[in-house]
1. Can you tell me which residue within segment 101-128, out of those that are among the β-branched types (V, I, T) and either loosely packed, with under 15 Cβ neighbours inside 10 Å or part of a loop (DSSP other than H, G, I, E, B) (or both), is modelled with the lowest pLDDT?
2. Can you give me the ranges of the helices (runs of 4 or more DSSP H) entirely in segment 303-390 with at least 3 residues that are within 30 Å of E275 (Cβ to Cβ), assigned by TED's automatic domain parsing to the domain that holds Q410 and not basic (K, R)?
3. Mind checking whether some residue in segment 186-207 is hydroxyl-bearing (S, T, Y), out of contact with any Asp or Glu (no Cβ under 6 Å at 6 or more places or on another chain) and either in the same structural domain as K450 (by TED's automatic domain parsing) or over 20 Å from T442 (Cβ atoms) (or both)?
4. Looking at (1) under 30 Å from V507 (Cα atoms); (2) outside the structural domain of A219 (by TED's automatic domain parsing); (3) not polar (S, T, N, Q), can you tell me which one R139 breaks?
5. Within segment 284-310, how many residues are more than 21 Å from L501 (Cα to Cα) and buried (at least 17 other Cβ atoms within 10 Å of the Cβ)?
6. Check G444 against each of (1) more than 25 Å from L361 (Cα to Cα); (2) buried (at least 20 other Cβ atoms within 10 Å of the Cβ) and name the one condition it does not meet.
7. Checking R98 against (1) surrounded by 14 or more Cβ atoms within 10 Å (Cβ to Cβ); (2) of a type in the set (D, E, K, R); (3) assigned to a loop (DSSP other than H, G, I, E, B), which test does it fail?
8. Return a yes/no flag: does segment 263-277 have any residue that is assigned to a strand (DSSP E or B), of a type outside the set (F, W, Y) and closer than 26 Å to E178 by Cα.
Amino acid sequence: MGETEQLTEAEQSTSARSPDLALVNIHKSFGGVRALVGATVECYRGEVHGCIGENGAGKSTLIKILSGALHADAGEITLGGRLLHVRSPHDARKAGIRTVFQELSLIPHLSVAQNLFYGAEPDVRLGRISVRSLRAAARKVLAEYGFPGISPDLVVSRLQLADRQILEIIKALISKPEVLVLDEATSALLPKQVEWLFKTVREFASEGGIAFFISHRLAEVEALCDRVTVLRNGEDVGHGLMTEMPEDRLVELMLGRRIERLYPHSEPAGRVRDEVVVALEHFGAPPRLHDVSMEVRRGQIVGIGGLAGQGQSELLLALYGARRSYGQMTLNGRQVHLRSPSQALASGIALVPEDRASEGLCLSLSVRENLALGNLHTISRGPLISPRREQRLVRSSVNSLHIRLRSPRQEASSLSGGNQQKVLLGRVLASDPSLLLLYDATRGVDIGTKTDIYQLMHDQCEQGVAILFYSTDASELANMADEVLVLHDGTIRARLSGAELTEEQIVAAAVGGGKQATRA
């Protein structure tokens with residue numbers, strides 16, 4: 001097991017009995033690339049077991065093997081002392097294993113009720129589903145889990161990402177599983193929803209369930225989990241009780257090295273220029289955003305804070321020409337009114353959207369094709385793509401962003417979440433924007449990838465790019481931004497900079513206190 005932690009006295013009491021769920025000596029290779037190399041994870045009923053590691057460490061592969069989406073090359077899985085032969089998702093579900101994946105599996109064009117009970121519909125007679133019974137069952141379940149405001153009749157594609165995530169979790173829970181696997185289940189949730197999830201998972205474990213929690217957010221793992229296993233390069237390199245695994249040790253195990261600084265050190269005075277890239281006056285976008293006045297200069301990072309749903313999405317999408325807007329927008333000294341993303345791109349504005357899977361990447365296409373999309377004008381000669389220019393673009397993006405992949409020809413869907421995000425960033429940055437819009441760009445990625453993205457933001461600013469980014473992480477805003485604008489009810493509640501720019505002030509302004517906004 002590499003540098004596995006020694007058993008403590010507290011662990012020895014648990015180790016006296018066999019684990020209730022064990023993945024033992026699991027191996028998996030894809031071509032010549034070894035994704036898992038003898039990884040072992042042992043879980044117990046009544047506990048929440050955390051699993052952490054960098055993108056590409058093997059977490060996703062391990063989960064897919066447990067859920068039946070992949071088959072291990074070697075190793076075994078036991079549940080309650082029984083050897084399991086999990087060769088398909090059906091086998092996993094039959095064994096009582098339910099997995100909530102980071103990339104949601106809901107069917108967009110079906111309703112909330114249809115998704116909740118898909119394949120297990122109540123009151124089916126002569127092959128026909130009772131719509132009334134389905135709706136009533138969904139309404140009851142949603143109320144029991146604390147979300148009566150979600151309509152059973154609403155088409156899932158119209159739900160916000162957080163509500164889709166909640167729906168996926170409830171769908172797994174109502175099947176009464178023995179094992180509940182949560183893969184980055186909090187990445188799209190608001191703080192109150194995370195509290196709900198933690199309470200629900202603890203109740204599930206206390207009733208004898210086995211909870212397996214995968215997250216990049218160490219604070220969440222520390223808050224929720226009883227035990228943790230760390231993966232690196234396909235191996236389990238450390239495990240133990242959560243109370244005896246301090247954060248610096250976990251980070252060291254994950255990375256194989258000590259990380260001296262998460263956020264790059266930078267003084268705004270050294271890189272922020274006088275030139276204003278974008279200025280807004282009484283700017284708004286239906287249905288939430290109204291009367292926003294602000295500006296972003298060359299080399300400046302302006303953060304957008306506030307509770308989710310306060311107009312942040314409307315602001316970024318309107319700046320990108322993807323949402324109808326009103327008011328005055330000046331870009332590089334020229335008044336503009338962008339009506340489409342193509343106009344925005346041509347004007348030097350690029351966006352990393354909220355959901356990379358559905359809004360950013362074409363996961364069924366190769367990494368090469370994804371990097372080329374949106375940059376065809378720079379790699380083409382007339383109607384034909386220049387192989388040399390395309391190769392240069394791909395090589396530059398892969399090398400500069402440290403994208404881990406077997407080949408540029410592999411499907412984007414086969415990459416880890418962090419490497420998918422890097423592919424999206426590579427494509428966006430290849431357009432050479434003057435204004436970079438980021439929507440929670442580090443959501444669901446590991447510490448190593450976060451560090452890379454923070455350094456990339458710093459490097460872009462050094463080159464004179466203006467960055468406007470929304471983040472649900474107050475620490476990220478406080479440490480990366482030169483100024484933070486906190487939105488509430490569609491307008492700017494607070495403008496924070498200098499000594500006032502702290503996590504506490506950002507959170508206070510978001511929930512109703514803190515420094516009130518003044519005109520810039």
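1. We begin by selecting, within segment 101-128, every residue among the β-branched types (V, I, T); these are 107, 112, 124.
Right, trim to either loosely packed, with under 15 Cβ neighbours inside 10 Å or part of a loop (DSSP other than H, G, I, E, B) (or both) and you get 107, 124.
Values: I107: 90, V124: 58.
Among residues in segment 101-128 that are among the β-branched types (V, I, T) and either loosely packed, with under 15 Cβ neighbours inside 10 Å or part of a loop (DSSP other than H, G, I, E, B) (or both), the one modelled with the lowest pLDDT is V124.
2. Working: elements: 312-319, 341-346, 367-372, 376-379.
Once the helices (runs of 4 or more DSSP H) in segment 303-390 are filtered for at least 3 residues that are within 30 Å of E275 (Cβ to Cβ), assigned by TED's automatic domain parsing to the domain that holds Q410 and not basic (K, R), what remains is 376-379.
3. Yes, that holds for at least one residue.
4. The number of the failed condition is (1).
5. Of the residues in segment 284-310, 5 are more than 21 Å from L501 (Cα to Cα) and buried (at least 17 other Cβ atoms within 10 Å of the Cβ).
6. If we test G444 against (1) more than 25 Å from L361 (Cα to Cα); (2) buried (at least 20 other Cβ atoms within 10 Å of the Cβ), just (1) comes out false.
7. For R98, the exception is condition (3).
8. Filtering segment 263-277 for residues assigned to a strand (DSSP E or B) gives 276-277.
Subsequent filtering for residues that are of a type outside the set (F, W, Y) retains 276-277.
Pick out the ones that are also closer than 26 Å to E178 by Cα and you get none.
No: segment 263-277 contains no residue that is assigned to a strand (DSSP E or B), of a type outside the set (F, W, Y) and closer than 26 Å to E178 by Cα.
The values are calculated or read from the model by the stated rules, or taken from the named source; none is laboratory data. Everything numeric here is computed off the predicted structure, so don't read it as measured data. All Cβ positions, glycine included, derive from the backbone under ideal geometry; neighbour counts span all protein chains shown.
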